[in-house]
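Engineer: My questions all concern the structure below.
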Amino acid sequence: MSYASDIQSTRELIRSHNGTWDGIDAEAVARMRAQNRFRTGLDIARYTAKIMREDMAAYDADPANYTQSLGCWHGFIGQQKMISIKKHFGSTKGRYLYLSGWMVAALRSEFGPLPDQSMHEKTSVPALIEELYTFLRQADARELGGLFRELDAAREAGDPNKEREIQHKIDNHETHVVPIIADIDAGFGNAEATYLLAKKMIEAGACALQIENQVSDEKQCGHQDGKVTVPHEDFLAKVRACRYAFLELGVEDGIVVTRTDSLGAGLTKQIAYSKEPGDLGDQYNAFLDCEEVTADDLDPSDVVIKRDGKLMRPKRLASNLFQFRPGTGEARCVLDCITSLQNGADLLWIETEKPHIGQIGGMVNAIREVMPNAKLVYNNSPSFNWTLNFRQQVYDAWEAEGRDVSAYDRETLMGAAYDGSELAAEADERIRTFQADAAREAGIFHHLITLPTYHTAALSTDNLAKEYFGDQGMLGYVKNVQRAEIRQGIACVKHQNMAGSDIGDDHKEYFAGEAALKAGGKDNTMNQFAA
């Protein structure tokens with residue numbers, strides 16, 4: 001419904017109440033409706049799932065159509081990302097938000113900062129999804145409120161052409177609401193617990209759930225040691241639980257992202273159940289590190305399996321965990337991914353120890369031999385030392401080509417002394433094109449950075465503290481923060497407007513008319529930033 005037609009239909013509704021609703025302004029109602037396009041989280045989940053499905057199809061047609069996101073730990077952070085994207089690029093297409101379980105644990109738990117081990121309150125995850133969308137919807141209301149003011153000004157100036165132009169912008173307003181890929185960790189318990197949490201996350205607006213194949217009570221950050229995986233059937237039960245949650249809530253296009261941590265996980269908590277040789281349980285167990293034994297070799301608590309007609313004892317640690325054979329990580333990742341796609345997953349996530357296109361692409365090619373449309377979500381993680389990794393990749397490539405690398409020490413390439421070197425320049429160019437190259441060569445549909453604003457907040461705060469509490473005093477804030485905000489057109493320089501003061505003034509006028517006590521008068525200091 002267009003803005004004008006909504007006004008007209010509301011006028012008719014008001015008239016139908018025989019004068020009792022005459023204090024209601026039809027255009028004010030239309031404005032409030034436009035500013036509140038999404039009524040529920042499920043409206044958002046359905047809308048954003050459709051966007052992701054369309055983007056996935058566009059990527060299948062051309063890998064140049066990859067998508068991106070940045071991790072968020074607060075609604076304001078997500079809001080500012082989308083406002084910035086619209087300002088710089090004119091559209092949010094292909095840009096999402098990522099909700100990182102690591103950042104929820106580190107920044108949103110009532111226990112205080114926690115490691116990424118699923119110890120935080122699981123309710124904090126859907127709460128953050130709801131918060132992110134509250135802030136994104138407020139960004140819509142704020143932007144449309146500015147257009148409504150421009151519309152009123154055009155009318156007062158008697159400029160019908162300008163009025164039509166602004167009305168067209170209102171009718172074609174692009175929302176700040178975008179897909180959120182939300183981390184459900186390892187499901188926070190059994191499959192029923194996963195289902196219940198998935199429902200809460202979807203009801204809050206999540207259209208894409210990312211779940212990993214680690215064991216819930218031993219879960220670790222994907223870039224730390226000590227990871228323990230579960231047999232495929234255990235994991236697939238949780239994948240199905242997520243799908244059931246989507247279908248129950250009517251989000252039929254919901255996306256399940258299955259993450260494998262097998263590349264860095266050398267342990268399993270249990271031996272998989274197997275009915276016959278070659279089934280999924282047997283394939284999982286085939287990677288176990290075993291030794292052949294006889295019945296006489298067994299201790300009372302030993303567990304044995306039968307492999308190729310032989311009695312085999314898997315190596316069990318003091319922790320009661322079983323060990324995989326070294327060097328089997330990539331093969332296990334490939335099997336994990338194929339199995340997930342064959343059982344309802346939409347996208348894959350392979351957690352790697354370095355950002356190496358050749359390594360990722362090798363696994364994806366093996367997966368695509370069985371599942372040709374396999375696509376990845378990839379963590380462009382701050383846990384990688386990108387500078388060192390790519391300088392070493394260039395060093396290795398040059399050395400293989402027979403180029404002279406005697407001016408470089410491979411182990412100290414992170415040093416600032418190399419920053420102006422030819423090797424550093426080539427490494428930076430590879431970093432710059434990494435996402436496009438990996439989308440084309442390694443099947444990566446979506447690139448994300450999990451913890452960017454955790455690091456930017458720390459860096460900017462460090463710089464401000466150094467200046468403000470040092471010799472620069474107030475100039476440390478004015479020059480490096482406020483003046484930069486003004487020069488770069490950062491909306492938050494008018495922080496009262498960003499917090500909703502002007503929206504509140506509009507509502508006061510709707511409700512009280514000329515009696516409204518508004519904050520945005522001539523004495524409001526935000527007027528100093530009008531230019």
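The values are calculated or read from the model by the stated rules, or taken from the named source; none is laboratory data. Here the structure is a predicted model, which means the values were calculated and not measured. Every residue, glycine among them, receives a Cβ derived from its backbone with ideal geometry; neighbour counts consider all protein chains shown.
Engineer: Residues that are of a type outside the set (Lys, Arg), buried (at least 18 other Cβ atoms within 10 Å of the Cβ) and under 20 Å from the mean Cα position of the chain (by Cα): does segment 30-42 have at least one?
Structural biologist: Within segment 30-42 (the criterion being of a type outside the set (Lys, Arg), buried (at least 18 other Cβ atoms within 10 Å of the Cβ) and under 20 Å from the mean Cα position of the chain (by Cα)), the answer is yes, since at least one residue qualifies.
Engineer: I've got another one for you. Looking at the structure I just gave you, is LEU413 under 22 Å from PHE434 (Cα atoms), without any contact (Cβ under 8 Å) to a residue 60 or more places away in the chain and buried (at least 21 other Cβ atoms within 10 Å of the Cβ)?
Structural biologist: yes
Engineer: For segment 133-151, check the following and say yes or no: at least one residue is on the phi > 0 side of the Ramachandran plot and surrounded by fewer than 18 Cβ atoms within 10 Å (Cβ to Cβ).
Structural biologist: Within segment 133-151, none of the residues are on the phi > 0 side of the Ramachandran plot and surrounded by fewer than 18 Cβ atoms within 10 Å (Cβ to Cβ).
Engineer: Another question, then. Examine segment 318-334 for a residue that is assigned to a strand (DSSP E or B) and among the aliphatic types (A, V, I, L, M), and state whether such a residue exists.
Structural biologist: Of the residues in segment 318-334, the ones assigned to a strand (DSSP E or B) are 322-324.
Applying the additional criterion that residues be among the aliphatic types (A, V, I, L, M) yields none.
No - not one qualifying residue is present in segment 318-334.
Engineer: Kindly establish whether PHE76 is in a helix (DSSP H, G or I), modelled with pLDDT under 95 and at negative phi. Don't jump to the end; show me each part of the working.
Structural biologist: Numbers: in a helix (DSSP H, G or I): yes; modelled with pLDDT under 95: yes; at negative phi: yes.
Judged against the criteria, PHE76 is a match.
Engineer: I'm trying to understand the selection: among the residues of segment 96-129, which are over 23 Å from ALA458 (Cα atoms) and surrounded by fewer than 19 Cβ atoms within 10 Å (Cβ to Cβ)?
Structural biologist: MET119, GLU121, THR123, ALA127
Engineer: Ok, one more. Inside segment 91-115, can you point out the residues that are over 16 Å from the mean Cα position of the chain (by Cα) and either modelled with pLDDT of 95 or more or of a type in the set (Asp, Glu) (or both)?
Structural biologist: SER91, GLU110
Engineer: Next up: Can you pull out the residues in segment 174-199 that are in a loop (DSSP other than H, G, I, E, B), over 26 Å from ALA34 (Cα atoms) and not aromatic (Phe, Trp, Tyr)?
Structural biologist: ILE184, ASP185, ALA186, GLY187, GLY189, ASN190 - these are the residues of segment 174-199 that are in a loop (DSSP other than H, G, I, E, B), over 26 Å from ALA34 (Cα atoms) and not aromatic (Phe, Trp, Tyr).
Engineer: Could you tell me whether TYR273 is in a helix (DSSP H, G or I) and either over 26 Å from LEU448 (Cα atoms) or touching an Asp or Glu at 6+ places or on another chain (Cβ under 9 Å) (or both)?
Structural biologist: No, not satisfied.
Engineer: Considering every residue within segment 200-222, establish whether at least one is farther than 23 Å from GLY250 by Cβ, assigned to a helix (DSSP H, G or I), in the same structural domain as MET56 (by TED's automatic domain parsing) and polar (S, T, N, Q). Give the steps one after another, and end with the answer.
Structural biologist: Initially, segment 200-222 is screened for residues farther than 23 Å from GLY250 by Cβ, giving 212-222.
This time we only want the ones that are assigned to a helix (DSSP H, G or I), so: 216-218.
Narrowing the set further to residues that are in the same structural domain as MET56 (by TED's automatic domain parsing) leaves 216-218.
If we keep only those that are polar (S, T, N, Q) too, we end up with 216.
For segment 200-222, residues farther than 23 Å from GLY250 by Cβ, assigned to a helix (DSSP H, G or I), in the same structural domain as MET56 (by TED's automatic domain parsing) and polar (S, T, N, Q): present.
Engineer: Conditions first: (1) surrounded by 15 or more Cβ atoms within 10 Å (Cβ to Cβ); (2) under 24 Å from PHE38 (Cα atoms). ASP171 passes all but one, so which condition is the exception?
Structural biologist: With respect to (1) surrounded by 15 or more Cβ atoms within 10 Å (Cβ to Cβ); (2) under 24 Å from PHE38 (Cα atoms), ASP171 is out only on (1).
Engineer: Follow-up question, since we're still on this one. Just to confirm my filter: which helices (runs of 4 or more DSSP H) fall fully inside segment 422-531 and include at least 1 residues that are surrounded by 15 or more Cβ atoms within 10 Å (Cβ to Cβ) and either at pLDDT below 90 or within 28 Å of the chain's Cα centre (by Cα) (or both)?
Structural biologist: In segment 422-531, 422-432, 434-441, 452-468, 483-488, 495-498, 501-512 are the helices (runs of 4 or more DSSP H) which contain 1 or more residues that are surrounded by 15 or more Cβ atoms within 10 Å (Cβ to Cβ) and either at pLDDT below 90 or within 28 Å of the chain's Cα centre (by Cα) (or both).
Engineer: Among the residues of segment 276-300, write down those that are among the hydrophobic types (A, V, I, L, M, F, W, C), under 15 Å from PHE322 (Cα atoms), in a loop (DSSP other than H, G, I, E, B) and without any contact (Cβ under 8 Å) to a residue 40 or more places away in the chain.
Structural biologist: The initial filter retains those residues of segment 276-300 that are among the hydrophobic types (A, V, I, L, M, F, W, C), namely 280, 286-288, 290, 293, 295, 298.
Cutting the leftovers down to under 15 Å from PHE322 (Cα atoms) gives us 286-288, 290.
Among the residues that remain, those that are also in a loop (DSSP other than H, G, I, E, B) are: 286-287.
Within segment 276-300, ALA286 is the sole residue that qualifies.
Engineer: Do you know which residues across segment 26-69 are closer than 24 Å to GLY504 by Cα and not in a helix (DSSP H, G or I)?
Structural biologist: GLN35, ASN36, ARG37, PHE38, ARG39, THR40
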